[in-house]
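The structure appears below as structure tokens.
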Amino acid sequence: MFLEVITSVFNFQILLFIILGVFTGICIGALPGLTATMGVALVLPLTFGLDAIPGILLLIGVYVGAIYGGSISAILLHTPGTPAAAATVFDGYEFSKRGESGRALGISTISSFIGGLVSVVALWQISPQLAKLALRFSAPEFFLLAVFGLSIIASISGNSLAKGVMCGALGISLSFIGIDSITGYPRFTFNNVNLLSGVSFIPVMIGLFAMSQAFTTIESIFTPDEVTQKITRVWPSKSDWKVILKTAPISGVIGTIIGIIPGAGAEIGAFVSYGQAKRTSKHPELFGTGIPEGVAAPEAGNNGVTGGALIPMLTMGVPGDAVAAILIGALTVQGLQPGPLLFTEHTSLVYAIFLGMLVANIAMVVLGLSSLKLFVKVLSVPKAILTPIIFVLCVVGSYAINTNFFDVGIMLFFGIVGYFLQKAEVSVSPAVLGLILGPMAESNFRRALLMSEGSYSIFVSSPIAWIFLILTIITLAGPAISERMKKKRRQADAA
């Protein structure tokens, strides 16, 4: 099998797809406003005609490249290309103000690679063991796993828990549309044959993440982003290497752990890594003035999330972040179901994903160090040209799934919904989480009750069930406890 995996990945066509994906991802990530999620959603339709391995690895390449690419505009323009690069702005732009933008970009590139490498090792070591454990799951455990995944809405709701819960409820409500998986009875189809198979979540995601962002871009379509710094001395100095090798592996581990937590995301990994580096530093007062640790920590942290987010996605079918949710859609289109059976029925595909992610990180560091000046030029592409291209890709991508204009209508509708949700400062991730995990929760809840002849005690009949119950309670109580502690701290400061 090992030889088969190496042969399948180190194939000229596959390597070309990975490199193309990474290149595209860096370009998308470097452009302010175009997120990694949006990039993967835009490229997803291009994989429909490909085999599983090249299609998935193309998307993973875009994911890896986009998370790194966000640091380019963060350092040069003081504007993070993706939310994952928001923490990089603090110190990265200070380098540019001193005329050392090349140095900051070099530190960012090497740290991103190390963080990604740590996450790949974790993905390789943890996923098979977790999949073996997941094979012992039955309907009650899968229901409680889905409930735990949905409870993450509490931590990804942004400033308002109520808004996040409402958005999550919207996604769960959409999952009820279509033929009932237990009785076979049509529900909420309104006699529309297009809704018998339910609402396809790929057009929904393209609308919420890509089309909504395109609508937002129109508002500043004639506002140019200009780069005035010259990019020189990209390769880190000996002193910078010492800092990178000390900071990046630890931040990579932190990012990987955060990536494993469903719904956390790369931006949280970056901020937590930045905060940890500052707390353990001998000179914390220098953070924010342009020091290597301030760039190395968040970049290793956010790239560490990339591998971590795939662990729950591949082993249990629960997306670690919004990009992992889209990858679930990509696997579904290929006729594959993420979960423990993927490791037993499609072992070579799983290990090809592991190896392909390693290759994607290598491609990222090589392209980053050799082609930074080219990626910087991407920042000068006028939005008046870029935005219409995004519109066309969204329409074509939605139509290509089922060659049905009804899906284009769904995409446009949710593009408008996503635009207004952004204006109301509501995170759209809970809606996607609800749409993906809603069917899993409902079907396994009903199967569990059929197994127990209506007894609810089946949901507390195993140690695994108790673990998920405790995790769910902790997750739901966490934001409330955190808010209470902040309030007490503010009162103490005021006193």
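The values are calculated or read from the model by the stated rules, or taken from the named source; none is laboratory data. Small disclaimer: the values here were computed from a predicted structure and weren't measured. All Cβ positions, glycine included, derive from the backbone under ideal geometry; neighbour counts span all protein chains shown.
May I ask you to verify whether G438 is farther than 27 Å from G70 by Cβ, crowded, with 17+ Cβ neighbours inside 10 Å, small (G, A, S) and in contact with a helix residue (DSSP H, G or I) (Cβ under 7 Å, 6 or more places away or on another chain)?
Here the answer is yes, as G438 does meet what is asked.
Would you point out which residue out of P284, P292 is modelled with pLDDT of 85 or more and either of a type outside the set (D, E) or surrounded by 22 or more Cβ atoms within 10 Å (Cβ to Cβ) (or both)?
P292
Can you pull out every residue in the range 123-144 that is over 22 Å from the mean Cα position of the chain (by Cα) and not charged (D, E, K, R)?
Correct list: Q129, L133, A134, L135, F137, S138, A139, P140, F142, F143, L144.
Go through the range 306-364 and report how many residues are acidic (D, E) and under 25 Å from L3 (Cα atoms).
1
Looking only at residues that are in a helix (DSSP H, G or I) and farther than 16 Å from A210 by Cβ in the range 410-434, which one is farthest from the chain's Cα centre (by Cα)?
K423
Taking the range 74-107 as the search range and keeping residues that are among the aliphatic types (A, V, I, L, M), over 16 Å from G368 (Cα atoms) and crowded, with 24+ Cβ neighbours inside 10 Å, which one is nearest to the chain's Cα centre (by Cα)?
Here the residue is A84.
Here are some residues: L331, L367. Which one is under 27 Å from M211 (Cα atoms) and of a type in the set (A, V, I, L, M)?
From the options L331, L367, the qualifying one is L331.
In the range 243-281, which residue that is among the charged types (D, E, K, R) and either in a loop (DSSP other than H, G, I, E, B) or in contact with a Pro (Cβ under 9 Å, 6 or more places away or on another chain) (or both) is surrounded by the fewest Cβ atoms within 10 Å (Cβ to Cβ)?
Across the range 243-281, the extreme among qualifying residues is K278.
Among what's in the range 300-322 and is within 22 Å of A441 (Cβ to Cβ) and among the β-branched types (V, I, T), pick the residue that is surrounded by the fewest Cβ atoms within 10 Å (Cβ to Cβ).
Per the criteria, the residue is I311.
Condition (residue is modelled with pLDDT under 90, farther than 15 Å from A270 by Cα, in contact with an Asp or Glu (Cβ under 7 Å, 6 or more places away or on another chain) and in a helix (DSSP H, G or I)) applied to the range 77-86: is it met by at least one residue?
yes
Restricting to helices (runs of 4 or more DSSP H) lying wholly in the range 319-407: which have 1 or more residues that are of a type in the set (K, R)?
The helices (runs of 4 or more DSSP H) meeting that bar are 372-378, 383-402.
Going through the range 393-432 one residue at a time, which ones are of a type in the set (D, E, K, R) and closer than 18 Å to I218 by Cβ?
K423
E226: at pLDDT 85 or above and at negative phi, yes or no? Full working, then the answer.
Working: at pLDDT 85 or above: no; at negative phi: yes.
For E226, the condition - at pLDDT 85 or above and at negative phi - is not met.
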